[in-house]
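Throughout, read-outs are computed from the coordinates displayed, never taken from laboratory work. Predicted model only: the values in this text are computed from it and were never measured. Ideal geometry is used to build each Cβ from the backbone, glycine not excepted, and the neighbour counts take in all protein chains shown.
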């Protein structure tokens with residue numbers, strides 16, 4: 001288990017509304033929202049989450065990061081009053097802070113159950129995988145406050161499900177149940193509520209079996225080419241493939257395949 005002392009940045013001396021646990025044996029870090037019952041995300045917490053993801057990205061003991069929450073609900077969203085109290089400079093950084101899981105070079109898994117609203121939904125959309133339990137509901141309810149999503153939610157959602165469905169969710173402040181979210185491609189996997197932790201553990205172990213170098217390369221390539229023309233994306237894919245061709249991990253993967261044994265990747 002990790003304590004705030006693990007982080008050198010003094011701004012992380014006391015984590016606001018969440019904690020971090022590191023399991024070195026499984027090369028796993030858990031970022032755990034822990035402000036029951038609804039895990040409301042405060043304004044200072046957003047910047048701390050960014051700093052934590054940046055720190056974990058540099059931590060050689062960590063291969064996989066899991067974002068999860070305590071209790072029946074992942075998060076009902078942000079502290080509404082905090083938006084009126086925050087300085088313009090703070091508000092302008094909302095999307096940058098919440099995009100930290102996407103910028104992180106390591107695979108990030110969001111484990112969602114219950115309410116996953118507002119910034120809770122937005123930070124989950126910034127993760128690489130979303131495992132949702134059958135109790136889950138996703139929503140961007142900002143229209144009810146006379147606002148729009150401000151942390152990248154509508155933009156990321158539109159990339160995933162298209163403009164028509166995104167307008168339906170954003171402009172009507174609709175709550176999307178887990179089953180529908182999975183059918184639409186918002187969630188990677190749909191599981192019974194009691195199986196959420198087990199499914200998350202299984203995905204962590206699955207991802208750890210791959211080359212960390214290949215994983216980092218795949219994530220960056222897919223992120224960088226999301227808006228690229230097809231010809232550009234194929235060109236960049238070729239350059240990435242060529243670089244990995246020279247890696248120790250690729251040689252190990254080929255040799256393990258022919259020897260019919262599990263590969264032992266080192267990330268080099």
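Its DSSP H runs of at least 4 residues, each contributing -39,500 (n - 2.57), put the calculated 222 nm mean residue ellipticity of the chain at -12500 deg cm²/dmol, to the nearest 500. Here the relative contact order of the chain, from alpha carbon pairs under 8 Å that lie six or more residues apart, stands at 14 percent.
Annotation: for a label point projected 7 angstrom from Cα along Cα→Cβ of residue 158, residues of segment 194-237 with backbone N closer than 20 Å are 223-230. Averaging 1/r across all pairs of distinct Cα atoms in the chain and inverting the result yields a Kirkwood radius of 19.4 Å.
Here the label points at residue 8 and residue 144, each 7 Å from Cα along the C-beta direction, are separated by 4.4 nm in the simple model.
Taking springs between alpha-carbon atoms closer than 10 angstrom, which of 195, 179, 106 fluctuates most in the Gaussian network model of the chain? Highest fluctuation of the listed residues: 195. Largest GNM mean-square fluctuation among 47, 249, 57, using the chain with Cα springs under 10 Å: 249. Look at the Cα gyration tensor of segment 212-259: its axes a ≥ b ≥ c give a/c of at least 1.5 with a/b over b/c, and that counts as prolate.
Between 91, 31, 204, the residue with the greatest mean-square fluctuation in the GNM of the chain (Cα pairs under 10 Å linked by springs) is 91. How far, in degrees from 0 to 90, does helix 248-259 lean away from the longest principal axis of the Cα atoms of the chain, to the nearest 10? Result, in degrees: 60. With the convex hull drawn over the C-alpha atoms of segment 13-143, the volume per residue is 107 Å³. Were the residues from residue 51 through residue 229 laid out at 0.36 nm apart, the gain over their Cα-Cα distance would be 60.8 nm.
Against the chain, whose longest principal axis is taken from its Cα atoms, helix 212-224 shows a tilt of about 50°.
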